[in-house]
1. Return only the number of the condition from (1) buried (at least 17 other Cβ atoms within 10 Å of the Cβ); (2) touching a residue at least 12 places away in the same chain (Cβ under 8 Å) that residue 214 does not satisfy.
2. For region 63-73, which residues satisfy the criterion of being within 16 Å of residue 224 (Cβ to Cβ) and either surrounded by 22 or more Cβ atoms within 10 Å (Cβ to Cβ) or polar (S, T, N, Q) (or both)?
3. Among (1) closer than 17 Å to residue 230 by Cα; (2) under 16 Å from the mean Cα position of the chain (by Cα), where does residue 127 come up short?
4. So which residues in region 9-52 are within 19 Å of the chain's Cα centre (by Cα), farther than 13 Å from residue 98 by Cβ and in a strand (DSSP E or B)?
5. Residue 202 fails exactly one of the following numbered conditions: (1) within 29 Å of residue 105 (Cβ to Cβ); (2) surrounded by fewer than 21 Cβ atoms within 10 Å (Cβ to Cβ); (3) touching a residue at least 40 places away in the same chain (Cβ under 8 Å). What is the number of that condition?
6. Hey, does region 202-219 have a residue that's at pLDDT below 85, outside the structural domain of residue 129 (by TED's automatic domain parsing) and outside any strand (DSSP E or B)?
7. Quick check: anything in region 99-109 within 26 Å of residue 184 (Cα to Cα), free of Cβ contacts under 8 Å to residues at least 60 places away in the same chain and not assigned by TED's automatic domain parsing to the domain that holds residue 207?
8. Would you be able to tell me the number of residues in region 92-112 that are surrounded by 17 or more Cβ atoms within 10 Å (Cβ to Cβ) and in a helix (DSSP H, G or I)?
Amino acid sequence: MATETRPAELENQLLASLSEDTLKRLKPHLQIVHLQHGQILYSVDDPVPFAYFPRRGCMISLLAVTEDGDTAEVGVTGFEGVVAIQSVLGGGDNSFDFLVQLAGDAWKINADILRQEFRKDLKLQEAVLRYMHASVAQISQTALCNRLHTVEERLARWLLLCEDRMNGEHITLTHEMLGKMLGTRRSTVSLAAATLQNAGVLNYNRGRIAIKDRRGLQRVSCSCYETVRRRFENLYA
């Protein structure tokens, strides 16, 4: 259990924004867990007994799922926020698949306990609602992006989002999984990745993606990346 963690060591911006009194009440209930790449935290319609606050280096994808099982990523959560926010707001069962995209550590807490604190703590309410507002904006922007922009632009945007949240130098991801993230065919993603590699902005080898030229990747990306990034900039200031 986390009992003596200082805010600077939490490595989660939402938790670190809370008051000492709030953290003092939450700390006995926070538990560090390691989330594995490819792990499904929750599927659509699952009950949500726990919330997760990813630490730096860990990233979770929110996947919208059709009745036929097709998926598309509509948002990501990293060290800036909380996964399964509906467990805090009392929204019932889950509406997305939550897939661990970047393996790493997260703080896990019982949803009932977090919900009780949310109801009585104005600072916690403010932080969670700020994150929820930014998250909804991200989901809306991603829907627009998936409709209007090329696969190359969307892939560049997605890789930038990953790099903002990762600790290591590589992203481990297959073309098949990238297709699921971007809501397109594997062959289409393969062509887009090859285009970016030929442009010298990334290196892709055996499921490992390394960003070589971030500025070049930003030039390829659509404006949606900057729009979303600004939403999360100074979120808890």
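1. Against the list (1) buried (at least 17 other Cβ atoms within 10 Å of the Cβ); (2) touching a residue at least 12 places away in the same chain (Cβ under 8 Å), residue 214 comes up short only on (1).
2. 73
3. Condition not satisfied by residue 127: (2).
4. Correct list: 32, 33, 34.
5. Status for residue 202: all satisfied but (2).
6. For region 202-219, residues at pLDDT below 85, outside the structural domain of residue 129 (by TED's automatic domain parsing) and outside any strand (DSSP E or B): present.
7. no
8. 1
The values are calculated or read from the model by the stated rules, or taken from the named source; none is laboratory data. In this text the structure is predicted, and so the values were computed from the model without any measurement. We place every Cβ from the backbone using ideal geometry, glycine too, and count neighbours over all the protein chains shown.
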